[in-house]
Amino acid sequence: MAETNTQVSDILSAEVREEIEHWLKKFPAEQRQSAVIPALTAAQEHNKGYLSTELMDAVADYLGISRVTTYEVATFYSMYNRAPVGKYVINICTNISCMLMGSDTVVGHLENKLGIKLGETTADGKFTLKIEEECLAACAGGPMMAINGHYYEKLSPARLDEILDGLE
C-alpha cells in the first residue's frame, strides 16, 4: 500500500488531496466512496479540464475504492472529460425542447464558425464542441448551451457570435 500512496501523491497534487480531504470529512469514514464525485471534479479542475486513466486510478486509490467505480462515474456524467479539451468547453442541449426551438441551427452555426464538428477541439485549443447534451435543464430558454458551466439561453446565430466573440 505504501507504493500506491507514493504513486498517488506523485499524481494528485497537495491541493487536490486537500480538497478531497475536505469532502471526505462530510461523509462517515466507512463511506469514502461518497466523495468520488467531488474528488474527480477536483482532479479534473487541476488537470486542464480532463481526467486521464492515471488520474482516475489515483483518485480511486486515494479513496480506497475500486478503480472501476471511478470509471463508472466519469463515463456516466457528462461533466467529466476523458480527453484533453479546449479552454472553452461548449455543451449544446439537443433534447426535444431545445430541438424544437432550433438547437440544430445552433449546432450548425457553431460547427461552421469554429470549423469543427461535435466532439472536436479547434486547432488553437480554444474551443471544444462537446457531444450533444441530452438535457441541460433550461427548457424554457431554448435553444441553449453551457460554456464551462455558464448557461446561455434563447440562442440565435447573432447571439452565438456575440457570446463567442466576447470570450476571445
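Any read-out appearing in this document is the output of simple, stated calculations on the displayed coordinates, not a laboratory observation. Since we're looking at a predicted model, the values are computed, not measured. All Cβ positions, even for glycine, are placed from backbone atoms using ideal geometry, and neighbour counts span all protein chains on display.
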* To do: Please give every one of the lysines within straight-line cross-link reach of LYS154, meaning a C-alpha to C-alpha distance under 30 Å, and leave out same-chain neighbours fewer than 8 residues apart.
  => LYS48, LYS87, LYS113, LYS117, LYS126, LYS130
* Restricting attention to the alpha-carbon atoms of segment 2-76, what are Rg (one decimal) and Dmax (integer), both in Å? -> 11.0, 31
* Angle between the Cα long axis of helix 103-114 and the longest principal axis of the chain, 0 to 90 degrees, nearest 10? -> 80 degrees
* **Computed [θ] at 222 nm, deg cm²/dmol, the chain (DSSP H ≥ 4; -39,500 (n - 2.57); rounded to nearest 500)** => -14000 deg cm²/dmol
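Relative to the compact-globule scaling 2.2 N^0.38 Å, provide the ratio for the alpha-carbon radius of gyration of segment 125-166.
Values: Rg = 10.5 Å, N = 42, 2.2 N^0.38 = 9.1 Å.
So segment 125-166 has a normalised radius of gyration of 1.16.
Express the relative contact order of segment 2-76 as a whole percentage, based on alpha carbon pairs under 8 Å and six or more residues apart in sequence. Kindly include the intermediate steps, with their values, before the conclusion.
Values: 68 pairs, mean separation 25.4, N = 75.
Once divided by the residue count of segment 2-76, the mean separation gives 34 percent.
Can you give the relative contact order of the chain as a percent, counting alpha carbon pairs under 8 Å and 6+ residues apart? Could the numbers behind the result be given before it?
On the way: 233 pairs, mean separation 29.6, N = 168.
The normalised contact order for the chain reaches 18 percent.
For segment 99-168, what relative contact order do you get, as a whole percent, if you take Cα pairs closer than 8 Å and at least 6 residues apart?
Numbers: 62 pairs, mean separation 19.4, N = 70.
Relative contact order here is 28 percent.
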* Have a look at the DSSP beta bridges in segment 88-167 and tell me what percent are antiparallel, nearest 5. => 65 percent
* Asked: Anyone know which of VAL68, VAL85, VAL107 comes out most mobile in the 10 Å Cα GNM of the chain?
  -> VAL68
* Debye log10 I(q)/I(0) at q = 0.09, 0.10, 0.13, 0.20 Å⁻¹ for the chain, Cα point scatterers -> -0.37, -0.45, -0.70, -1.16
* Compute the long axis of helix 53-63 from its Cα atoms, compare it with the longest principal axis of the Cα atoms of the chain, and write down the angle in degrees, 0 to 90, nearest 10. => 50 degrees
* To do: Give the peptides 48-59, 86-97 in descending order of average Cβ contacts within 10 Å, highest first.
  => 86-97, 48-59
* Asked: Taking springs between alpha-carbon atoms closer than 10 angstrom, which of LEU100, LEU24, LEU63 fluctuates most in the Gaussian network model of the chain?
  -> LEU100
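Loop-only trypsin sites (Lys or Arg not before Pro) in segment 94-137, please: DSSP not H, G, I, E or B, and at most 11 other Cβ atoms within 10 Å. Could the numbers behind the result be given before it?
Details: sites: LYS113, LYS117, LYS126, LYS130; in loops: LYS117, LYS126, LYS130.
Listed in order of number, the matching sites are LYS117.
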* **Isolated Cys residues of the chain, judged by Cβ distance under 4.7 Å to other cysteines** => CYS135, CYS139
* Structure fact -> In whole angstrom, the spacing between the Cα centers of segment 112-132 and segment 145-168 equals 14 Å
